[in-house]
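Each remark here refers to the structure printed beneath this line.
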Amino acid sequence: MPKEQANWSPYDNNGGSCVAVAGADYCVIAADTRMSTGYNILTRDYSKICKLADKCVMASSGFQADVKALQKHLAARHLIYQHQHNKQMSCPAMAQLLSNTLYYKRFFPYYSFNVLGGLDNEGKGCVFTYDAVGSYEKVGYSSQGSGSTLIMPFLDNQLKSPSPLLLPARDAVTPLAEAEAIDLVKTVFASASERDIYTGDKLEIVVINADGIRREYMDLRKD
Amino acid sequence: MNFMASKQPENSLLGPESDSQRTLYPYVTGTSVVALKYKDGILMAADMGGSYGSTLRYKSVERMKPIGKHSLLGASGEISDFQEILRYLDELILYDNMWDDGNSLGPKEVHNYLTRVMYNRRNKFNPLWNSLVLGGVKNGQKYLGTVSMIGVNFEDNHVATGFGNHLARPILRQEWHENLSFEDGVRLLEKCMRVLLYRDRSAVNKLQIAKITEDGVTISQPYSLKTYWEFSAFENPAQGAIGSW
């Protein structure tokens, strides 16, 4: 019998779901606070949301160590940008930087599924959605993570995005009011927690608008 | 001429054979570490066994060590890698002291450093095969965190490594509360360690409990837990096994 070898994977999936919704003058970014490994819950109170710039917030789920490293990398690059340009990075600029950072490790990827949300230079809400190697797109709303397959179809149904094939190009930001968008996000996570075992415990919601950034919490199922 | 070509398993991360410097598997290992926050600081427990596969090779391994003035590190996994980590931290604390500026690294900083070290080794495919628990108090702030061999880290009111995650965390989720007294904290930790002793094959009945508060670190003398083996369920363990999963 050949000798049994211990083996290890450099990756792990720590679960969780992220959502972002862009409005006319606001952006809502939300993620659950559960961190798991396999069938275990490691902690019920871990934030997946990171403020990268004044008007730019990222939510990431996947392998927590890679997510943390990515957040630190982007925060460091933003600091350098501020030193060199004497201003904050805009959300679209950060979006490009994130894409480039992810592709840089194309052959040993950051196992991190990201949604970037914020206000663009005109104060309009914007959301960018990514895969693990940096492929990205500006959209009106998106979800990533373990619950995304449950959440995305529901968002598609509720936010009635215009077809991207239309000419002239229609804007995908939702006409919903801020309070309605927040309510939708809460509903979506409550539903995802029912069926996705990796989503639950608590929901963290970050809202960016002209007044600044504010944070809200909501309890989710703990099972 | 190849007499006995050594065969690599299909799913291995082995590079060329000359990569003989990378960690492939652990040799001498420690089992669970359990820790919780209590009123005055952190309480941490670990047994003193160093297993060599299924053999209990070393029976007096100290798996918890004080770090600097404000922190306590507990480790499970490969013991030699733990000793290497202690050497890294020794140098870190030395440089911190040499600044002689009245500042000292707190548990949060040490935890961050350890996370970076573990992640960096994982990136080079040469991990330190440990799960670490880092607890401490600085300026009245209690801190308790953990980091795994691939760099996954978080802080919480109670943490555990290895089997402790399966057996101790559920007990702690049920019975932990803010501002536990020292006695209650020890009682809770002993309850967890007793369950581990009954159910973890690599656990040994010789443990230490460490306490860290604003005043410093105290690691108890080794002692053993009282156990009870006369439970009726232990008497005929195969009863009811037929037809059960």
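Worth pointing out:
- Entry remark, segment B:116-166: residues being among the polar types (S, T, N, Q), farther than 21 Å from B:PRO66 by Cβ and under 17 Å from the mean Cα position of the chain (by Cα) number 3 in total.
- Number of residues in segment A:100-150 that are farther than 20 Å from A:ARG77 by Cα, of a type in the set (A, V, I, L, M, F, W, C) and assigned to a helix (DSSP H, G or I) equals 1.
- Boolean, B:LYS226 is surrounded by 14 or more Cβ atoms within 10 Å (Cβ to Cβ), of a type outside the set (A, V, I, L, M, F, W, C) and either out of contact with any Asp or Glu (no Cβ under 7 Å at 6 or more places or on another chain) or not in a strand (DSSP E or B) (or both): no
- Residue in segment A:1-15 that is surrounded by the most Cβ atoms within 10 Å (Cβ to Cβ), counting only those that are modelled with pLDDT of 95 or more and farther than 24 Å from B:TYR27 by Cα: A:ASN14
- Residue check, A:VAL127 in contact with a strand residue (DSSP E or B) (Cβ under 8 Å, 6 or more places away or on another chain) and under 20 Å from A:SER47 (Cβ atoms): yes
- Near pairs, Cβ below 8 angstrom, 6+ apart or cross-chain, from segment A:207-223 (free of Cβ contacts under 8 Å to residues at least 12 places away in the same chain and over 11 Å from A:GLY123 (Cα atoms)) to any residue that is surrounded by 11 or more Cβ atoms within 10 Å (Cβ to Cβ) and not small (Gly, Ala, Ser): A:ARG214/A:VAL206; A:ARG214/A:VAL207; A:ARG215/A:GLU204; A:ARG215/A:ILE205; A:ARG215/A:VAL206; A:ARG215/A:VAL207
- For A:THR149: the one exception among (1) touching a residue at least 12 places away in the same chain (Cβ under 8 Å); (2) among the polar types (S, T, N, Q); (3) surrounded by fewer than 20 Cβ atoms within 10 Å (Cβ to Cβ): (1)
- Test: residue in segment B:154-172 that is of a type outside the set (Gly, Ala, Ser) and more than 24 Å from B:VAL195 (Cβ to Cβ): no
- When each of A:GLN88, A:GLN96, A:GLN71 is tested for being more than 21 Å from A:ALA132 (Cα to Cα) and either more than 11 Å from chain B (Cβ to nearest Cβ) or assigned to a strand (DSSP E or B) (or both), the lone residue that passes is A:GLN88.
- When B:VAL117, B:VAL133, B:VAL152 are checked against the criterion of being touching a strand residue (DSSP E or B) at 6+ places or on another chain (Cβ under 6 Å) and surrounded by 17 or more Cβ atoms within 10 Å (Cβ to Cβ), a single residue qualifies: B:VAL133.
- Of all residues in segment B:183-206, none satisfies being within 12 Å of chain A (Cβ to nearest Cβ), surrounded by fewer than 21 Cβ atoms within 10 Å (Cβ to Cβ) and basic (Lys, Arg).
- Identity of the residue in segment B:178-204, assigned to a loop (DSSP other than H, G, I, E, B) and of a type in the set (Gly, Ala, Ser), that ends up farthest from the chain's Cα centre (by Cα): B:SER181
- Highlighted here are the helices (runs of 4 or more DSSP H) found entirely within segment B:72-177 that include at least 2 residues which are within 14 Å of another protein chain (Cβ to nearest Cβ) and closer than 26 Å to B:VAL61 by Cβ: B:107-123, B:163-175.
- Exclusive hit being among the basic types (Lys, Arg), farther than 16 Å from B:PHE163 by Cβ and either modelled with pLDDT of 95 or more or surrounded by 18 or more Cβ atoms within 10 Å (Cβ to Cβ) (or both), set B:ARG63, B:ARG22, B:ARG57: B:ARG57
- Members of segment A:1-46 that are in contact (Cβ under 8 Å) with a residue 40 or more places away in the chain and acidic (Asp, Glu): A:ASP12, A:ASP25, A:ASP32, A:ASP45
The values are calculated or read from the model by the stated rules, or taken from the named source; none is laboratory data. No experiment lies behind these values; they were computed from the predicted model shown. Note that each Cβ is placed from the backbone with ideal geometry, even for glycine, and that neighbours are counted across all protein chains shown.
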